[in-house]
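A quick write-up on the structure given underneath.
The values are calculated or read from the model by the stated rules, or taken from the named source; none is laboratory data. None of these values were measured; they are calculated from a predicted model. Note that each Cβ is placed from the backbone with ideal geometry, even for glycine, and that neighbours are counted across all protein chains shown.
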Amino acid sequence: MAVTPLTLLHARVTQAVGDAFGPVVAPPEVLVQPTRDPRHGDYTCPAAMSLARALGRPPHELAVRLAATLDVSDVCEAPEVVRPGFVNLRLRDAWLAARIDTLVGDERLGLAPVPVPAHLVIDYSGPNVAKEMHVGHLRSTIIGDCLANVGQYRGDVVERVSHVGDWGTQFGMLIAHLDEVAPGAGAGEPVDIADVAGFYRQASARFGADPAFAEAARRRVVDLQSGEPRAAAAWRSLVELSTTENRAVYDLLGVGGLVERGESTYQPLLADVVA
């Protein structure tokens, strides 16, 4: 565990409480905490307030006694006792400079790896194929990547996963539209669609306005779910186009090591689940 000013001062105050008041006095739960007002120092010790109740003595008297016993001259300026019974501590500039100098030469900045790594699965944005990412996707991507980076830095085992919406009834209308716009997609030919999100809007508009197209779309859903080769090839083309666009966004955000796992991953498992 990294030694921070708070952990260091906590240990010193614990020692001082024992030295000043004897082992029969249990150290208070809160020994040191950051000050709310920097004019009063960097940290404050409210221990005398709790000890006053246990020892039946004025807290200021106990704070003076504690400050006289406290050995922090290498870390802090002289402790300041303020009423009703606080000991305020201000870190020495020389100690801070030395500490920073030590951390600059440490690639982990003083943070030791966790002794028992956790297994973290971070679920990222989960965008839908043929749809643009929106702010909700960006938010979960950024937050997820921050958490994953922290876990990785701690030494945890981190899995970065994005469950992509690449399956479902909407692909019927997309494939039916692709059959007309790029009929070669069903044979595995490359598909060039500059605006994938616009393609989705076109297919959706046709589905709502053209009953014949809607019926064709429903048939293509059945084809896709049954593994019909041309429907599957067209579906793969759409997924690849959308994945390329999404990865461009991830690259802008500096997101790496992300495993994109589509809903289609689980399609072969469904039969056993419902059997």
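Taken over the stretch 76-109, the criterion of being under 20 Å from HIS40 (Cβ atoms) and part of a helix (DSSP H, G or I) is satisfied by ASP93, TRP95, LEU96. Scan the stretch 186-204 and tell me whether some residue there is in contact with an Asp or Glu (Cβ under 9 Å, 6 or more places away or on another chain), among the β-branched types (Val, Ile, Thr), in the same structural domain as TRP235 (by TED's automatic domain parsing) and outside any helix (DSSP H, G or I). Yes. Going residue by residue through the stretch 146-159, is there one that turns out to be exposed (fewer than 13 other Cβ atoms within 10 Å of the Cβ) and touching a residue at least 24 places away in the same chain (Cβ under 8 Å)? Within the stretch 146-159, one or more residues are exposed (fewer than 13 other Cβ atoms within 10 Å of the Cβ) and touching a residue at least 24 places away in the same chain (Cβ under 8 Å). The residue list ALA63, ALA11 contains one member that is under 16 Å from LEU89 (Cβ atoms), buried (at least 18 other Cβ atoms within 10 Å of the Cβ) and within 43 Å of the chain's Cα centre (by Cα), which is ALA63. Restricting attention to the stretch 17-75, the residues being in contact with a strand residue (DSSP E or B) (Cβ under 9 Å, 6 or more places away or on another chain), of a type in the set (Val, Ile, Thr) and not in a loop (DSSP other than H, G, I, E, B) number 2.
Please specify each residue of the stretch 244-262 satisfying the condition of being assigned to a helix (DSSP H, G or I), surrounded by fewer than 18 Cβ atoms within 10 Å (Cβ to Cβ) and at pLDDT 90 or above. If the condition is that a residue be assigned to a helix (DSSP H, G or I), surrounded by fewer than 18 Cβ atoms within 10 Å (Cβ to Cβ) and at pLDDT 90 or above, then ARG247, ALA248, VAL249, ASP251, LEU252, LEU253 are the ones that fit. With respect to (1) touching a Leu at 6+ places or on another chain (Cβ under 8 Å); (2) of a type in the set (Lys, Arg); (3) at pLDDT below 95, the lone exception for ARG12 is condition (3).
Taken together, VAL135, VAL121, VAL104 contain a single residue that is hydrophobic (A, V, I, L, M, F, W, C) and in contact with a strand residue (DSSP E or B) (Cβ under 6 Å, 6 or more places away or on another chain), which is VAL121.
Only one of the numbered conditions (1) under 38 Å from the mean Cα position of the chain (by Cα); (2) surrounded by fewer than 14 Cβ atoms within 10 Å (Cβ to Cβ) is violated by ARG90, and that is (2). What about ARG219, is it modelled with pLDDT of 90 or more, out of contact with any helix residue (DSSP H, G or I) (no Cβ under 9 Å at 6 or more places or on another chain), surrounded by fewer than 16 Cβ atoms within 10 Å (Cβ to Cβ) and assigned to a helix (DSSP H, G or I)? Taking the combined requirement at face value, the residue does not satisfy it.
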